[in-house]
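**Student:** Could you have a look at this structure, given as structure tokens, before my questions?
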Amino acid sequence: MNTMGLEKLEDEVKMMDKPKQQNQVEPRQSVLTKSLGIGFASGIIWSFFGAIAYYFHFAEVSAASFLFRSYWQTSWTGTWLAELLAIVVVGIVSLGTALIYYMTFKRMNGIWPGLLFGTLLWVLVFWLLNPLFPAIPSFMELSSDTWVTTGCLFILYGVFIGYSISYEFREFNASAN
């Protein structure tokens, strides 16, 4: 190989070693897309904590109780695999709740909208939709530990979604100006 070929090879190696431009702009994601991601993540996170609360007997119900044990009376619904599958299903269902929050409360700041949203979801699931889940005892038959634990989990879920979506909405609009 001649010296001209070596110089060309060295130049190519130097070009590959150069870092990419730091001022490249990433394409912006829409707030709706981020909200759906927030919804899925919050469903996974908080139903996982719900499964832990169920495992340690802080609550009499878990996501698998609602989703699987209410409709199938088989041995697999009491396993950890059913809990994991239920956690994923709750993550998927949370896409809808995040969409509802996005459409109704995205402009509201603070803890109160999320707290209200989580409380409304808790009332919806444990009082209004309870007849759809035959494996879940009626609200008055559940222990006060279950009321408090699930209520707190739903409130934390609502606040997590609320703060995250409202923050993304404010940031998106602030950077657009």
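**Student:** Mind giving me the nanometre distance, one decimal, between the label points for Ser30 and Val93, set 7 Å out from Cα along Cα→Cβ?
**Tutor:** Taking the two extended label points, one gets 2.6 nm.
**Student:** If you plug each phi of the range 93-108 into the Karplus form 6.51 cos²θ - 1.76 cosθ + 1.60 with θ = phi - 60°, what whole-Hz ³J(HN,Hα) values come out, in order, with x for Gly and Pro?
**Tutor:** Karplus-based 3J(HN,Hα) across the range 93-108 equals 5, 5, 4, x, 5, 5, 5, 4, 4, 4, 6, 9, 10, 4, 7, 8 Hz.
**Student:** Positive end of the charge dipole of the range 23-177 (Lys, Arg +1 and Asp, Glu -1 on Cβ, about the Cα centre): tell me which of Leu85, Thr104, Phe40 has its Cα farthest that way.
**Tutor:** The residue sitting farthest along the positive end of the dipole is Thr104.
**Student:** Oh, and also: Which of Tyr163, Trp122, Pro137 sits farthest toward the positive end of the charge dipole of the range 65-177, with +1 on the Cβ of Lys and Arg and -1 on the Cβ of Asp and Glu?
**Tutor:** Tyr163
**Student:** Expressed as a fraction of 2.2 N^0.38 Å, the rule-of-thumb size for a compact globular protein of N residues, what is the C-alpha radius of gyration of the range 18-140?
**Tutor:** 1.33
**Student:** Using the Cα centre of the range 56-177 as the reference point, and only Cβ charges (+1 on K/R, -1 on D/E), how large is the resulting charge dipole? Debye, rounded to the nearest 20.
**Tutor:** My answer is approximately 320 debye.
**Student:** Next question, about the same structure. In sequence order, what are the phi-derived ³J(HN,Hα) couplings for the range 71-81 according to the Karplus relation 6.51 cos²θ - 1.76 cosθ + 1.60 with θ = phi - 60°, rounded to whole Hz, with x for glycine and proline?
**Tutor:** Computed from phi, the couplings for the range 71-81 are 10, 10, 9, 10, 5, 5, 6, x, 9, 5, 5 Hz.
Every read-out reported here was derived from the displayed coordinates using simple, explicitly stated rules and does not represent laboratory data. Quick caveat: nothing in here was measured; it's all calculated off a predicted structure. Neighbour counts run over all protein chains shown; Cβ positions are idealised from the backbone, glycine included.
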